[in-house]
Amino acid sequence: MSSADVVSLILALIILGAVVVAANFADQRRNAQLRRGVFASLLLINALLVLIYGIGPLSMAYLSPDDPGAPQKTEAWAGLLLALLTGGLGTALLIEQVRRRIAFLFPRRNVPTQINASPTEAPRAFLQTDPGSTPLFPQMLNYYTEQMRPPFTQVRPGDDRAYGPSQEEPARGFSPDSTVHAVAMILCVYFLGVQMIGFVLGGGMAGMAEVYEGGLTVWELVINALPFVILAGLGVGLGIRRDWRQAFQRLGLVWPGGKAVLVTLGVVLALFMYVILVTMVWMGAVSEETYKKQTEASEALSESVSTLGLAFALAATAAVGEEIAYRGALQPVFGLWPTAIAFALTHAQYTLTPAWLIILGVAVAFGWLRQQYGTGAAMLAHFVYNFIPLAIATGVSEEALLMLARLVL
């Protein structure tokens, strides 16, 4: 990753982070003017996206065809169409009626009743701020029965669920009235659109394979994971609608208990069997040449990991960053299946191949773990699922893997 790429990533993170923060303030204060400002900013970003990822590459293809970095004309036109589609979809989602039309695809918003709310208080249209103050007469209001578990704590023996019977999980479901939810949907569209545009302009699988052949560094892996963590934290209102404890709970960041760890490892084992089954069917359905072409990007990614330390870093950064963003932040709003589909689509190395079914099944399994045992269990599963094949690819012996597993688990 060049310094220019790092600067571009930081600039994009600052802009999108500012939009997410403003959206949280708009929902917290129910400020219609601030809400309109957020949507106006997103409209401008939509136009910039079309300009940068669509018109720019197309201009290079025609004005500088001999430039090694210029895309082919066919690829540039395909990139422009994808950029227009991404910007158009992002613009459509700014319209509340559109969000209401598609709300049936996601879980219905279910906000727990505030224990200190007035009976005559009208329901809030925007997101609720987690209660953080102690009522004057807590015993009369049964306040202490609603206390939440501290974040990232070991669950009690025998209770491996993410939330116990007396611990109510934060509100779930999609609200078409919410500025934050609208921004989250549009950011997902941006990320998916940019991934697809990069896939097309980069030359498809062969182009991605060339990128991975350059190798990976721990620095690049950390840089790529940070935006997921930062935007997820800002998205759930850290420092605005929630303090650290409430934000951790909203993201499902609890340590899995002993039973949860065993279930998680069992899920990973089942996933490996699922991968083997799909791969066998896949190899039997296509020619050897086609199979090699469809897997060259993922093969190049595996081959770019040359040491056990790099395998650990890749597995850890992917597990932490992606699970906090997808399973922690997005899944409680958009549901298991929509989140799993979005997760699978954003893995461009599986685009237009049967491997997409593999990553979809993996995403569903991680989502189920998130529902049952919290995001910590999904992180553990994601790490083990990624690390073991990468470690084997580096030539690590089985004895070393078993020793490391004892240290990690």
Original post:
Hey, among the residues in segment 70-81 that are surrounded by 15 or more Cβ atoms within 10 Å (Cβ to Cβ) and within 30 Å of the chain's Cα centre (by Cα), which one's nearest to GLY198 (Cα to Cα)?
Top reply: GLY79
Original post:
Of (1) in contact with a Ser or Thr (Cβ under 6 Å, 6 or more places away or on another chain); (2) modelled with pLDDT under 95, ALA23 satisfies all except one. Which?
Top reply: (2)
**OP:** Among the residues of segment 10-69, count how many are over 25 Å from the mean Cα position of the chain (by Cα) and assigned to a helix (DSSP H, G or I).
**Re:** 16
Original post:
Regarding ILE240, is this residue modelled with pLDDT under 95 and part of a loop (DSSP other than H, G, I, E, B)?
Top reply: yes
Original post:
In segment 280-314, what count of residues is obtained for those that are of a type in the set (Val, Ile, Thr) and under 25 Å from the mean Cα position of the chain (by Cα)?
Top reply: 2
**OP:** Determine, yes or no, whether ARG245 is surrounded by fewer than 17 Cβ atoms within 10 Å (Cβ to Cβ) and assigned to a helix (DSSP H, G or I).
**Re:** yes
Subject >> Residue list for segment 349-393, filter: within 22 Å of MET283 (Cα to Cα) and of a type in the set (Ser, Thr, Tyr) >> reply: TYR350, THR351, THR353, TYR385
Original post:
Does ALA344 satisfy being surrounded by 20 or more Cβ atoms within 10 Å (Cβ to Cβ), aliphatic (A, V, I, L, M) and modelled with pLDDT under 95?
Top reply: yes
Subject >> Selected residue (only one of LEU234, LEU221 is surrounded by fewer than 21 Cβ atoms within 10 Å (Cβ to Cβ), at pLDDT 85 or above, among the hydrophobic types (A, V, I, L, M, F, W, C) and part of a helix (DSSP H, G or I)) >> reply: LEU221
Original post:
Would you call ALA297 modelled with pLDDT under 90, buried (at least 22 other Cβ atoms within 10 Å of the Cβ) and part of a helix (DSSP H, G or I)?
Top reply: yes
Original post:
Which residue, of PRO165, PRO176, is assigned to a loop (DSSP other than H, G, I, E, B) and either modelled with pLDDT under 65 or among the hydroxyl-bearing types (Ser, Thr, Tyr) (or both)?
Top reply: PRO165
Original post:
So, of the residues in segment 97-125 that are in contact with an Asp or Glu (Cβ under 9 Å, 6 or more places away or on another chain) and at pLDDT 95 or above, which turns out to be farthest from LEU51 (Cα to Cα)?
Top reply: ARG100
Subject >> Condition met for ILE359 (more than 27 Å from PHE104 (Cα to Cα), at pLDDT below 95 and either touching a Ser or Thr at 6+ places or on another chain (Cβ under 6 Å) or in a helix (DSSP H, G or I) (or both)) >> reply: no
Original post:
How about segment 273-288: which of its residues are in a loop (DSSP other than H, G, I, E, B) and loosely packed, with under 10 Cβ neighbours inside 10 Å?
Top reply: SER287
**OP:** Say whether the condition of being small (Gly, Ala, Ser), over 20 Å from ARG250 (Cβ atoms) and modelled with pLDDT under 50 is met by at least one residue in segment 75-95.
**Re:** no
Original post:
Quick check: anything in segment 77-87 within 17 Å of ALA182 (Cα to Cα) and out of contact with any Pro (no Cβ under 8 Å at 6 or more places or on another chain)?
Top reply: yes
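The values are calculated or read from the model by the stated rules, or taken from the named source; none is laboratory data. On a predicted model such as this, the values are computed, not experimentally measured, just so you know. Reconstructed Cβ throughout: ideal geometry from the backbone, glycine too, with neighbour counts over all protein chains shown.
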